[in-house]
Each structure stands twice: as C-alpha cells, then as structure tokens.
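**Student:** My structure is below; once you've seen it, I'll send some questions.
The values are calculated or read from the model by the stated rules, or taken from the named source; none is laboratory data. Given the structure is predicted, the values throughout are model-derived calculations rather than measurements. Backbone-built Cβ (ideal geometry, glycine too); neighbour counts: all protein chains shown. These accessible areas exclude ligands, DNA and RNA; they are computed on the full protein's heavy atoms, side chains included. Shrake-Rupley method; radii C 1.70, N 1.55, O 1.52, S 1.80 Å.
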Amino acid sequence: MTATSALISAADLQKIATAPTTKILDASYGLPPLPVRIADARDFDIDDIADPQAKLAHTVPSADIFARKISALGISNGDTVIIYDRAGMHMAAARAWWMFRLFGHDNVRILNGGLPAWVGAGLPVTPKPDTLPPAAAGNFTAQLRPALLKLQDDILGNIEQKSFLLLDARDARRYSGDMAEPRPGMQAGHVPGSFSTPFAGLIDDDSGLLLPAEDISAFFAEKNIDLSRPLACTCGSGVTACVVALALHEIGYTDAAVYDGSWSEWGADAHLPKKQGYAP
C-alpha cells in the first residue's frame with residue numbers, strides 16, 4: 001500500500017501557513033492554554049466536537065454536528081487543514097486528524113513534533129487573545145466512513161470471529177493489568193486477543209517526532225503484528241489509539257479503524273471479558 005504522508009514539518013508548514021486555504025488548528029487536550037499560537041490557529045476541542053448526548057467524553061458526533069462545528073471554525077472542504085498540539089504528537093492532534101478522515105476529509109496533516117518542533121525551529125508565534133472572535137463561516141460537508149470506526153459490538157464479536165487485529169496503544173503495564181487505570185471504576189487488563197502496541201514507542205524520545213517509516217515498520221514487526229490483516233486501534237479513551245493509526249498510515253496502512261469508546265467503555269463494563277498479563 002502507498003500513501004501520502006499525513007505529517008508536515010515545521011519548515012514546510014511555514015511556507016503555506018498564510019495561504020488563504022490553509023487552516024491551522026490547535027487540538028491540544030488536557031493542557032493549559034497559552035497566550036500564543038501559530039499564525040491564526042483556531043482551537044479544536046475534542047470534547048466540544050463530540051456527541052453531546054454520549055456518556056463518554058469526546059465520543060464521535062454525527063456527520064451533521066461535525067460539519068457544523070468545522071464550518072464554524074472557518075473551514076471548507078477545499079481547505080488544507082493542519083493540526084498541532086502543544087504537547088507534541090499525542091494530545092490530541094492525531095485524534096483530530098482521524099476525525100477529519102472519518103468524516104471524509106483527506107486533505108489534513110499533522111505538524112510533526114507539534115508546537116515544540118515549531119518553536120524549536122525558531123519559527124514565530126503570534127499573540128492569542130483570551131477570547132477569539134468568531135471565524136468567517138466555512139462551508140464544510142461531512143460523510144461518515146464507517147470502516148474507520150469500531151464500536152463495542154464490533155470488538156466483542158471480533159473476540160470469536162477474529163476478523164481484525166486489535167492494537168492497544170496504552171502503556172504495556174496498563175495492558176497487562178499491572179498498573180491501575182487512571183480513571184475511576186475501570187477494571188484492569190485488556191480485550192482478549194488484542195496486542196500491546198504502546199503509542200509512546202512510536203515517538204522519538206529526543207526529537208519528539210514520529211519515528212521514520214522504517215522504524216515504525218520495525219516496531220510492528222517486533223510486536224508480531226501481521227500488517228496483511230485488517231487492523232483496529234484502541235487505548236484509554238480513543239485519543240492515543242489515533243497515534244497508532246497515524247503511524248500505520250505512515251507505512252501505507254491507511255484504513256486502520258479506531259475503537260471510539262476504548263477502555264473507558266470496555267473497562268467500565270463488568271460484563272465484558274478482560275484478560276490480564278502480557279499475552280494477547
């Protein structure tokens with residue numbers, strides 16, 4: 001499989017940052033606000049661009065809600081969307097990237113290394129007012145791609161059917177059950193048959209960039225992941241699973257799905273099967 005990279009470097013983003021069809025989004029999640037931003041970046045809040053009726057945070061919204069929220073950010077279907085986060089690569093630029101693709105918009109990329117890479121390259125930031133004025137409305141239409149989304153019933157049925165491999169992006173100790181879950185009321189362990197693929201192993205410790213393609217391939221080979229199989233990704237709440245999906249995209253596997261509820265849903269339901277230990 002081949003794919004255009006979903007990443008953009010700080011230097012390449014600088015070249016297009018002021019183009020009228022470039023729309024930059026700060027998808028930082030769970031991080032304190034900053035008084036600066038890249039160019040005219042708007043905030044993409046995964047808890048706001050979500051299903052307002054869902055019990056779990058940042059549950060995927062309907063196509064209509066997504067289209068309305070994205071249009072309100074000044075984005076149209078013809079725009080190039082660039083996403084960054086203030087932590088680097090995982091909170092939650094990859095989630096926003098996956099959501100755009102889930103709703104049919106492929107012209108979306110992630111700033112590799114996030115805001116730290118931009119600042120580290122000596123590139124400028126601009127003041128960000130406490131309250132942003134409304135953007136000029138865009139015209140964005142959305143159409144759900146069901147193949148990129150997994151729900152609880154899909155995961156439960158797959159335990160017996162084994163129609164796809166489920167990759168767990170959480171820390172290996174959470175996967176095994178040796179570390180308590182950070183959310184209250186969660187049982188420990190993993191979905192039976194799922195594979196431990198911690199997202200942190202896909203990000204270079206020194207640079208904060210996503211690993212190059214050859215190292216990503218080596219990561220999955222070391223985990224004995226058969227990339228010829230259909231793949232889906234899970235994590236704690238559907239955020240870092242998207243980092244694994246992004247890494248797969250970078251080595252040509254463009255159709256990895258994400259289990260939206262992830263362990264926040266699975267681990268909270270005492271009736272769903274769980275397994276402890278480091279084996280799938």
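**Student:** Based on the Cα gyration tensor of segment 1-67, what are the three equivalent ellipsoid semi-axes, each the root of five times an eigenvalue, rounded to whole Å and given largest first? Mind showing how you got there, number by number?
**Tutor:** Working: eigenvalues 136, 63, 30 Å².
Computed over segment 1-67, the values are 26, 18, 12 Å.
**Student:** Under the classification rounded if a/c is under 1.5, otherwise prolate if a/b is larger than b/c and oblate if not, where does segment 163-228 fall, given a ≥ b ≥ c as square roots of the Cα gyration tensor eigenvalues?
**Tutor:** Verdict is oblate for segment 163-228.
**Student:** Here is a follow-up. What FRET efficiency comes out for the pair ASP154/THR126, r = Cβ-Cβ distance, R0 = 51 Å, nearest 0.05?
**Tutor:** Here the calculated transfer efficiency is 0.75.
**Student:** Got the relative contact order for segment 155-280 handy, in percent, Cα pairs under 8 Å and 6 or more residues apart?
**Tutor:** It rounds to 34 percent for segment 155-280.
**Student:** Here's a follow-up. Between ASP178 and SER163, how many nm apart are label points set 7 Å from Cα along the C-beta direction?
**Tutor:** 3.5
**Student:** I would also like to ask the following. Roughly to the nearest percent, how much of the accessible area of the chain is carbon and sulfur, given a 1.4 Å probe?
**Tutor:** Working: 6670 of 12520 Å².
With neighbouring chains kept in place, the figure for the chain is 53 percent.
**Student:** Show that you can apply the helix-only estimate: for the chain, add -39,500 (n - 2.57) for every DSSP H stretch of four or more residues, divide by all residues, and state [θ] at 222 nm to the nearest 500.
**Tutor:** Rounded to the nearest 500, the figure is -7000 deg cm²/dmol.
**Student:** Still on this structure: Using +1 on the beta carbon of Lys and Arg, -1 on that of Asp and Glu, and nothing else charged, what's the dipole of the chain about the Cα centre, debye to 20?
**Tutor:** Rounded to the nearest 20 debye, it is 260 debye.
**Student:** Another question, if that's okay. Quick one: what does P(r) look like for segment 190-280 with 5 Å bins over all Cα pairs, in whole %?
**Tutor:** For segment 190-280, the pair-distance distribution reads 3, 13, 23, 26, 18, 11, 4, 1, 0.
**Student:** Run the numbers on segment 63-141 and let me know its relative contact order in percent, using alpha-carbon pairs under 8 Å that are six or more apart.
**Tutor:** After rounding, I find 49 percent.
**Student:** OK, next. Quick one: plug the Kirkwood hydrodynamic radius of segment 88-149 (C-alpha pairs) into Stokes-Einstein at 25 °C, 0.890 mPa s, and report D in µm²/s.
**Tutor:** On the way: Rh = 14.2 Å.
Result for D is 172 µm²/s.
**Student:** Rank SER264, SER194, SER163 by mean-square fluctuation in a GNM of the chain with C-alpha springs under 10 angstrom and give only the top-ranked residue.
**Tutor:** Per the Cα network of the chain with a 10 Å cutoff, SER163 tops the list.
**Student:** What residue among PHE100, PHE164, PHE199 has the largest mean-square fluctuation in a Gaussian network model of the chain, using Cα springs under 10 Å?
**Tutor:** Of PHE100, PHE164, PHE199, the Gaussian network model singles out PHE164 as fluctuating most.
**Student:** Sticking with this one: Return one quarter of the surface area of the convex hull spanned by the alpha-carbon atoms of segment 1-134, equal to its mean projected area, in nm².
**Tutor:** For segment 1-134, the mean projected area of the Cα convex hull comes to 8.7 nm².
**Student:** So, one more: Have a look at ARG229, ARG145, ARG95 and tell me which one the Gaussian network model of the chain (Cα, springs below 10 Å) gives the largest fluctuation.
**Tutor:** The residue with the greatest mean-square fluctuation here is ARG229.
**Student:** Output the relative contact order of the chain, whole-number percent, from Cα pairs under 8 angstrom with separation of 6+ residues. Can you show the working numbers first?
**Tutor:** Values: 568 pairs, mean separation 61.2, N = 280.
With pairs under 8 Å counted, the relative contact order is 22 percent.
**Student:** Would you kindly derive the ³J(HN,Hα) couplings of segment 232-237 from the backbone phi angles with the Karplus curve 6.51 cos²θ - 1.76 cosθ + 1.60 (θ = phi - 60°), listing them in order in whole Hz, with x for Gly and Pro?
**Tutor:** For segment 232-237, the Karplus curve yields 9, 10, 9, 6, x, 8 Hz.
**Student:** Looking only at the chain, where both bridge partners belong to it, what percent of the DSSP beta bridges are antiparallel (to the nearest 5)?
**Tutor:** The antiparallel proportion sits near 20 percent.
**Student:** Going Cα to Cα from LYS162, which lysines come in below 26 Å? Please leave out same-chain ones fewer than 8 positions away.
**Tutor:** LYS150, LYS223, LYS274, LYS275
**Student:** Something else about it: Would you kindly derive the ³J(HN,Hα) couplings of segment 71-87 from the backbone phi angles with the Karplus curve 6.51 cos²θ - 1.76 cosθ + 1.60 (θ = phi - 60°), listing them in order in whole Hz, with x for Gly and Pro?
**Tutor:** Along segment 71-87, the couplings run 4, 5, 7, x, 10, 10, 5, x, 7, 8, 9, 10, 10, 9, 9, 6, 8 Hz.
**Student:** Could you list, bin by bin from short to long, the percent of Cα-Cα pairs of segment 45-200 in 5 Å steps?
**Tutor:** Percent of pairs per bin, in order: 2, 8, 12, 16, 19, 17, 12, 8, 5, 1, 0.
**Student:** Looking at the calculated P(r) for the chain, what percent of the C-alpha pair distances fall above 32 Å?
**Tutor:** I get 22 percent for the Cα pairs in the chain exceeding 32 Å.
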